1. Let me confirm something: among 156, 175, 143, 121, which residue is at pLDDT 70 or above and over 28 Å from residue 321 (Cβ atoms)?
2. Please go through the stretch 258-269 and give me each residue that is modelled with pLDDT of 85 or more and not in a loop (DSSP other than H, G, I, E, B), ordered by number.
3. In the stretch 227-252, how many are exposed (fewer than 15 other Cβ atoms within 10 Å of the Cβ) and either within 24 Å of residue 279 (Cβ to Cβ) or in contact with a helix residue (DSSP H, G or I) (Cβ under 6 Å, 6 or more places away or on another chain) (or both)?
4. For residues that are on the phi > 0 side of the Ramachandran plot and crowded, with 18+ Cβ neighbours inside 10 Å, tally how many sit in the stretch 253-303.
5. Output the helices (runs of 4 or more DSSP H) that fall wholly within the stretch 1-110 and possess 1 or more residues being at pLDDT below 65 and exposed (fewer than 15 other Cβ atoms within 10 Å of the Cβ), or say none.
6. In contact with a helix residue (DSSP H, G or I) (Cβ under 7 Å, 6 or more places away or on another chain), touching a residue at least 60 places away in the same chain (Cβ under 8 Å) and at negative phi: does that describe residue 224?
């Protein structure tokens, strides 16, 4: 036994014991702080729930490695390693000066390292870290987030659930993403929906209050024709947004789905949750109603993904909204005045330039400018007219280029419509994934599809 104890007195084993002890103590302190909610920064988990356990395991590994090295040393007939601690006598003025100096330097190092760690954690908590560290991979998400309604909400607030469980899930997901990045096996485009995203109740409802009645909202849809005058058509819709109230036990309008007074589950049979052949409704009284699409088999349902419906099943692009088509993007730009409506055929030509496949943003910038300038040069020659005002044409080129830059990312294979938005049913199935008159109960009752349920045209 004494011989075995001597084996772990080697420098390597002692170093392992020191690393293990220090990392274990720090980990326990931080774990208790997390347990009692003394810190809420998600990226502290990278430091304390990934790095410290790694150091702890390395220290444990060094102990038997040191013992093995010492055993071989003794087998060769060499003298045993002896770790001698330095002798300190504070009555000796020289020893006292050295001790005070070492203590002062240690305190200074702790302050420096703490400040560096704090700044490092702040950076890892930023949108810049999430979007720019993996620059090309996350460029579509960063650009769309920067231009979206949640631009001032940090990524970690929407992607990491509070508590130790959220930390663990996020770190496991982050490790997989780092490995994929290092191996260059990142999927292009990045698939959605994000499976590791926390439920809406843990992220969206930190700011949004579900127990609220919104009533109706007027939406004005402006479209332009592909004729010379860019003829404008305006459609006004009264959207019955509605809402829910838990204490009143009601839920109305589109936000009837908010599960205030009932519970909705569904089964999706594809990875993108576009195919939903089964819906189960449990009302406030516990009555269950099941709707199944025609032609679906029990085996298909058993192999599908069962999910409790929440906000993100309709609001699936809350922070990374991309325009579904070039036509819609140009209509919006013209409505906002970014593309002058007075330029003849501008709607037609801008859409045509956006539909060209370019290898990069740089090539798109050059191609869009060349396409529009050449068209208006030829147009002027054919009509014996002057080329449109330089300022108007420059604005049209700039706005069309911006549309491409914020919606198309060739290196990630992202373009218009790559990520469908489930709000509505014009550009993607959206509402019609369930409201298609094809989901029926055993007695023939269907999920309604009447237009007036959600909106009224004015």
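1. Values: 156 fails: over 28 Å from residue 321 (Cβ atoms); 143 fails: over 28 Å from residue 321 (Cβ atoms); 121 fails: at pLDDT 70 or above.
Just one listed residue meets the conditions, 175.
2. Matches in the stretch 258-269: 263, 264, 265, 266, 267, 268.
3. 2
4. So the answer is 3.
5. 2-7, 11-35
6. yes
The values are calculated or read from the model by the stated rules, or taken from the named source; none is laboratory data. Because the structure is a prediction, the values reported are computed rather than measured. FYI the Cβ positions are ideal-geometry reconstructions off the backbone, even for glycines, and counts take in every protein chain you see.
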